[in-house]
Amino acid sequence: MSSYRVIVWGTGFVGRAVLRNLITHPAYDVVGVLVNDPSKEGRDIGELVDLPSVGLTASRDVEAVLALAADAVCYFGPSALYAETNIANITAALRSGKNVVETTMGALQNPERAPASLREVIEAACHEGQASFFTGGIDPGFGNDLLPLTLLGLCGRVDHIRTTEFLDAGSYPDQASLAMMGLCSSMADPALLDSKGLMTSIWGGPLYMIAEALGVEISGTVERYSRWETTEPIDFEMGRVEAGHAAAHRIELVGLVDGVERIAIDHIHRVVPDVAPDWPRPASDPAHANRIEIQGSPNLAQETVFADEFTGDGNAGGCLATGMRAVNAIPALCAAAPGILSTRDLPVLVGRGGMGHALP
């Protein structure tokens, strides 16, 4: 089986999980790994992911690694809190002639809805390097575009569609992002997501993508941010939430079609599973799931649960799936014309080479 030469940029939670799988994957040949942490520089990449040495060391020399012959860069940089850093790194990779797949820039999940200034910078880098770009999105991106778009193809009539991410926030590795949004914050303090228009700017891309696929127009959006207050302190895996603070939050963005609520992208995050008992919860797992619900003809509900193969951890399983969705788009990007691609531009990604290779 022929393989695609890839550079993995970033070995945080997602990047490390992906790298562990790519080292033994027959469809991909890891030719370089870029890290930010000085303590990782010069270390064998196998050792970085608790595997035997493979004879390739991690580097912080961006220019040298991007000069390597490679088909694509798999970029797993810091969160969207560091957008300027991510954009600088992604455009450098594109200008070097490498296709880029990544999971940080959710604003480009639907290129048509992305801010023009951001889209133009990425497009210019694509054309300079004659390369293509695809972001798999966040939370996870495919839960808000690929899964609902696929299921819509089974329907004769669609009255309402809702995607919901249920998350065990207590064990989620990026606590800073959750706190920034308002989780674990004091109920007396305003939350960032109460800012009008912010939810639409973050999650509007896939919401409008669903509407476009259905051939309808969004006449407006409704943003609902709710926090569930705990009356006593709660210790959870990654920290502690004090009494009077939010032990759960719900982020609900709704698209109006002719003034009627039709399309909803929902998130429910709990630091422990038993808080916010009156809010919806998964049917298939105590804490983790991605659910798609369609009301129409027929009514349809699908719930997907991810779990790490060794520990069963839902966050680890979901983050790996987020990263591998992006990686498995590489063959399509290599065959595409230069530019930004979205889920609607890609063929079915079947995970070529994923069966039968050595366990990581």
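Footprinting exposure proxy ranking of 4, 82, fewest other C-beta atoms within 10 angstrom first, gives 82, 4. Each of 173, 161, 354 was placed along the dipole of the chain (beta-carbon charges, centred on the mean Cα), and the one lying farthest toward the positive end is 354.
For the chain, the longest principal axis of the Cα atoms and the long axis of helix 198-214 meet at an angle of about 90 degrees.
Couplings 3J(HN,Hα) for region 60-72, derived from phi with the Karplus relation 6.51 cos²θ - 1.76 cosθ + 1.60 (θ = phi - 60°), are 10, 8, 4, 4, 5, 6, 6, 7, 5, 6, 8, 7, 7 Hz, where x marks Gly and Pro.
In this structure, the amide hydrogen of residue 264, modeled 1.01 Å from its nitrogen in the peptide plane, lies closer than 5 angstrom to those of 161, 162, 163, 255, counting only residues at least 5 positions away or on a different chain.
On a 0 to 90 degree scale, rounded to 10, what angle separates helix 314-327 from the longest Cα axis of the chain? Approximately 50 degrees, to the nearest ten. A straight line joining the Cα centroids of region 75-106 and region 180-248 runs 25 Å. Under 5 Å between amide hydrogens, built in the peptide plane, is the criterion, and for residue 236 it picks out 241 among residues at least 5 positions away or on other chains. Coupling constants for region 112-122 follow from the phi torsions by the Karplus curve (6.51 cos²θ - 1.76 cosθ + 1.60, θ = phi - 60°), and in residue order they are 5, 9, 5, x, 4, 4, 6, 4, 5, 5, 5 Hz; glycine and proline get x. Residue exposure proxy: 134, 310, ordered by other Cβ atoms within 10 angstrom of their Cβ from fewest to most, comes out as 310, 134.
Taking Cα centre as origin and charging only the Cβ of basic (Lys, Arg, +1) and acidic (Asp, Glu, -1) residues, the dipole magnitude of region 141-311 rounds to 380 debye. Taking Cα atoms only, the orientation of helix 83-95 departs from the longest principal axis of the chain by about 40 degrees. Dipole magnitude for the chain: about 740 debye, using +1 per Lys or Arg Cβ and -1 per Asp or Glu Cβ, origin at the Cα centre. Here the mean projected area of the convex hull built on the C-alpha positions of the chain is 18.3 nm². Think of the chain as having a plus end and a minus end, set by charges on the Cβ of Lys, Arg, Asp and Glu; of 127, 326, 193, 127 sits farthest toward the positive end of this dipole. Taking other Cβ atoms within 10 Å as a rough exposure proxy, 284, 79 sort from fewest to most as 284, 79. Considering only 94, 35, 75, and ranking their Cα positions along the charge dipole of the chain that arises from unit charges at the beta-carbon of Lys, Arg, Asp and Glu, the one farthest toward the positive end is 94.
Bear in mind these aren't lab numbers, they're just calculated from the coordinates by the rules spelled out. In this text the structure is predicted, and so the values were computed from the model without any measurement. Please note: Cβ atoms are built from the backbone with ideal geometry, for glycine as well, and neighbour counts cover all protein chains shown.
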